[in-house]
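The structure under discussion appears below in the form of structure tokens.
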Amino acid sequence: MGELEGRAALVTGGASGIGAATARLFAEQGAIVGVIDRAGVRGPHSFDVDVRDGDAVTRAVNEFADAAGRLDVLVNNAGTGDLRPLHTLDDKLWHRLIDVNLTGTYHGMRAAVPLMLAAGGGTIVNNASLSGVMPTRNEAAYSAAKAGVISLTKSGALEYGPTVRVNCVAPGHVRTPLTSVWDQFPDAFAQIAGALPLARIGEAGEVAEVILFLASDRASYVTGQTIVVDGGASLPQAGTDAALARLLDDLSGG
């Protein structure tokens, strides 16, 4: 029997990347799975919805719960990014990054919490980012939004426990469509991987496994937490080890 056997789980941004990996894993573990995504996903429980539209998100969440007969798990995964210096952001781009990553998560929580409270239980897993824990250069708006997701997660855990558990994951360098731009610069991606303690870029399925843990009964005493999934990138000095190794090699004449 799967870890989510008979439970109903809804995943936003579930058409690709971490969201798709999570939806597949949940289905393998016995869950009735619904997907919200702007990509026009197809399936018995799929909804073509922009998470910035709060009313549309609420309708989709309620429709899924009605069809499945319940709502046990919500994964707020939908997100978007951009890479440019803070002073070059215009208002439109700033609001898009905040609205998709942070407000979209709020919309999902706002829609799901009443259903879970009425049913007597449920769990929410939000997808933040390592950038929300420690800001990334040239990702100010994205980092700010993801830091907000972490704070929103803690607020939800405080307000809705013990009935609803709320946690989040903070992925580091993981291969997804959002990071596909790095494929144009394989040498840079290799340099990043080489600086990580685990010496490789992560895969979407590895983050999905952590989301499954948080959604399952194995995490029954875990709430309000941010689980970093980054291959060790956030460890002190992890990013400088490769440079120091090169420096020592040069100094020793190697």
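Derivation of every value follows stated rules applied to the coordinates shown; laboratory data play no part. Not measured: the values here are computed from a predicted model. A quick note on method: Cβ atoms are made from the backbone with ideal geometry, for glycine too, and the neighbour counts reach across all protein chains shown.
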- Task: Note the listed values (1) 169; (2) 138; (3) 190, then indicate which one is volume of the Cα convex hull per residue in Å³ calculated from this particular structure.
- Result: (2)
- For region 1-26 versus region 75-151, the gap between their alpha-carbon centres in whole angstrom: 19
- Item | Label-point separation in nm, Q191 to E203, each point 7 Å along Cα→Cβ | 2.7
- Task: Could you rank the peptides 113-123, 21-31, 159-169 by their average count of other C-beta atoms within 10 Å per residue, with the highest value first?
- Result: 21-31, 159-169, 113-123
- Note on the structure: Summing +1 per Lys or Arg and -1 per Asp or Glu among the other residues with Cβ less than 13 Å from S131's Cβ gives -1
- How large is ³J(HN,Hα) for each residue in region 99-108, as worked out from phi by the Karplus curve 6.51 cos²θ - 1.76 cosθ + 1.60 (θ = phi - 60°), to whole Hz, x for Gly and Pro? 5, 6, 6, 9, 5, x, 5, 4, 4, x
- Message: Just want the answer: with Cβ charges of +1 for Lys and Arg and -1 for Asp and Glu, which residue in G54, I36, A21 is farthest toward the dipole's positive end in region 7-80?
- Response: A21
- Item | Karplus-derived 3J(HN,Hα), 6.51/-1.76/1.60, for each residue of region 112-120, Hz, glycine and proline x | 7, 4, x, 5, 5, 5, 5, 7, x
- Item | Contact order relative to length of region 95-204, as percent, for alpha carbon pairs under 8 angstrom and 6 or more apart | 27
- Task: Quickly estimate the mean residue ellipticity at 222 nm for the chain, helices only: each DSSP H run with n ≥ 4 gives -39500 (n - 2.57), and the total goes over all residues, rounded to 500.
- Result: -13500 deg cm²/dmol
- Item | Label-point gap, in nm, between R59 and S16 - each point 7 angstrom along Cα→Cβ | 2.5
- Query: Measuring from label point to label point, each 7 Å out along Cα→Cβ, what is the A27 to M134 span in nm?
  - Reply: 3.7
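I need the peptides 204-210, 38-44 ranked by packing, meaning the mean over residues of other C-beta atoms within 10 angstrom, with the highest value on top. Mind dumping the intermediate values first?
Numbers: 204-210: 19.1, 38-44: 13.0.
Per-residue Cβ counts within 10 Å, averaged per peptide and sorted highest first, yield 204-210, 38-44.
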- P(r) of region 1-108 in 10 Å steps, Cα pairs, percent per bin? 16, 45, 26, 10, 3, 0
- Task: Quick one: what are the phi-derived ³J(HN,Hα) couplings along region 39-46, Karplus 6.51/-1.76/1.60 with θ = phi - 60°, whole Hz, x for glycine and proline?
- Result: 6, x, 5, 10, x, x, 10, 10
- Note on the structure: Between L158 and S220, Cβ-based FRET efficiency (R0 22 Å, step 0.05) works out to 0.80
